[in-house]
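Okay, structure first, notes after.
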Amino acid sequence: MAAKLKSGDKVVVLSGKDKGKQGTITSVDPKTGKAVVDGVNMAIRHTRQSQASQGGRLPKAMPIDLSNLAIVDKNGKPTRVGFKQEGDKKVRYAKTTGDVIDA
C-alpha cells in the first residue's frame, strides 16, 4: 500500500496532548503505523554522561500514531491525502484543494 504520509511532510496533530501543533515528519515506521514529528510528543530521556556527550535530562520526540496526523495544505489547513494518476505516474494530492503534493 502506498504511504499517505512520508518523511519531510508538514503535518498537524489532530488529537492528543499536542492537538493543533505543527511539525515536520522526521521518520515513519509503516510496520507499527507511527511517525516521529519534530517538536511533538516530547519526552524527557535521562542519559549517562560519557566522553562524547554531557548527559543529563534530554528532550526527545517520541513516535505518534499516523491516524492522529494530517498533512497541511497550501492554505495551512489539515487535509486528507488521495492518490491519482498523472500521465504514467501515481501522485498524492490534497483532498481539500486538489493540489498535487508530490512534484
Do you know which residues across region 25-38 are assigned to a loop (DSSP other than H, G, I, E, B) and under 9 Å from the mean Cα position of the chain (by Cα)? ASP38
Scan of region 11-24 for residues that are outside any loop (DSSP other than H, G, I, E, B) and either closer than 20 Å to LEU58 by Cα or of a type in the set (Ser, Thr, Tyr) (or both), ordered by number: GLY23, THR24
Do you know which of the residues in region 74-103 that are among the hydrophobic types (A, V, I, L, M, F, W, C) and under 19 Å from LEU14 (Cβ atoms) is surrounded by the most Cβ atoms within 10 Å (Cβ to Cβ)? ALA94
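For region 39-73, which positions are surrounded by fewer than 11 Cβ atoms within 10 Å (Cβ to Cβ), not small (Gly, Ala, Ser) and not in a strand (DSSP E or B)? Talk me through it step by step, then tell me what you get.
Step one: of region 39-73, the residues surrounded by fewer than 11 Cβ atoms within 10 Å (Cβ to Cβ) are 43-44, 46, 48-54, 57, 59, 67.
Next, only the ones that are not small (Gly, Ala, Ser) stay: 44, 46, 48-49, 51, 54, 57, 59.
ARG48, GLN49, GLN51, GLN54 - these are the residues of region 39-73 that are surrounded by fewer than 11 Cβ atoms within 10 Å (Cβ to Cβ), not small (Gly, Ala, Ser) and not in a strand (DSSP E or B).
FYI, it's all coordinate maths here, none of it is from the lab. All figures in this text were calculated on a predicted structure; none of them were measured in a lab. Backbone-built Cβ (ideal geometry, glycine too); neighbour counts: all protein chains shown.
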